[in-house]
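Report on the structure given below.
A short reminder: the numbers here are calculations on the coordinates, not readings from a lab. Only a predicted model underlies this, so the values are computations on that prediction, with no experimental measurement involved. Cβ placement follows ideal geometry from the backbone for every residue including glycine, while neighbour counts extend to all protein chains displayed.
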Amino acid sequence: MKRLTNKESEIMEFFWQSGPMFVKDLVALYPDPKPHFNTISTMVRILESNGYLSHNVYGSTYQYYSVVSKEEYGKNAISSMVSNFFDGSYLDAVSALVKEEKISIDELKELINKVNSSSK
């Protein structure tokens with residue numbers, strides 16, 4: 001699964017929050033100054049070609065919807081990051097978070113408890 005650009009991620013966030021939409025509905029969600037309709041339409045078609053969106057046809061217009069959940073994308077992004085930057089070692093990835101103080105020892109203990117209780 002290809003990694004989303006910042007603009008693509010912004011569009012996908014709208015779909016994840018709002019559900020199926022026509023491009024005009026998507027444009028309406030943006031604050032002023034709104035991006036041009038054709039720009040958003042092109043980005044939506046790119047997201048569809050990359051497997052993130054699909055569409056239903058209503059007359060001469062398309063209603064787009066997400067085919068990849070936010071959770072699924074997040075899991076894939078984490079797996080890709082661990083693979084690319086930590087040689088596939090989740091232990092090294094978590095160790096880096098602890099060393100950089102992004103996760104505390106107490107949070108790590110809480111995570112271990114959650115894993116232990118969910119595996120029973």
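Model label sites at Glu71 and Thr5, defined 7 Å from Cα along the beta-carbon direction, differ in position by 3.0 nm.
Where [x] 145; [y] 155; [z] 96 are the candidate values, the label of the one calculated here for volume of the Cα convex hull per residue in Å³ is [y].
The stretch between Ser54 and Tyr90, if pulled fully straight at 0.36 nm per residue, gains 9.7 nm over its current Cα-Cα span.
To the nearest ten degrees, helix 70-85 and the longest principal axis of the Cα atoms of the chain are 50 degrees apart.
Net charge dipole, region 70-118: roughly 100 debye, given to the nearest 20, about the Cα centre with Cβ charges of +1 for Lys and Arg and -1 for Asp and Glu.
Multiplying the sequence separation of Tyr30 and Lys109 by 0.36 nm and subtracting their Cα-Cα distance, what value in nm do you get?
24.4 nm
Loop only per DSSP, at most 10 neighbouring Cβ atoms within 10 Å: give me the GluC sites (Glu not before Pro) in region 27-120, ordered by residue number.
Those that pass, being in a loop and sparsely packed, are Glu100, Glu101.
By the count of other C-beta atoms within 10 Å, a proxy for reagent exposure, Tyr52, Tyr65, Tyr58 are ordered fewest to most as Tyr58, Tyr65, Tyr52. Could you state the angle between the C-alpha long axis of helix 37-49 and the longest principal axis of the C-alpha atoms of the chain, as a value from 0 to 90 degrees rounded to the nearest 10? Relative to the chain, helix 37-49 is tipped by roughly 50 degrees.
Using only Cα atoms, find the angle between the long axis of helix 105-118 and the longest principal axis of the chain, and express it within 0 to 90 degrees, rounded to the nearest 10. For helix 105-118, the angle is close to 80 degrees.
Pairs Lys2/Lys70; Lys2/Lys109; Lys34/Lys75; Lys70/Lys99; Lys7/Lys70: which are spaced more than 23 Å apart, C-alpha to C-alpha? Result: Lys2/Lys109; Lys34/Lys75; Lys70/Lys99 exceed 23 Å.
Using the Cα centre as the reference, give the magnitude of the dipole from point charges on the C-beta atoms of the chain (Lys, Arg: +1; Asp, Glu: -1; all else neutral), rounded to the nearest 20 debye.
For the chain, the charge dipole is close to 260 debye.
Sites listed here are trypsin sites (Lys or Arg not before Pro) in region 1-95 whose DSSP assignment is loop and whose Cβ has at most 14 other Cβ atoms within 10 Å: Lys2, Arg3.
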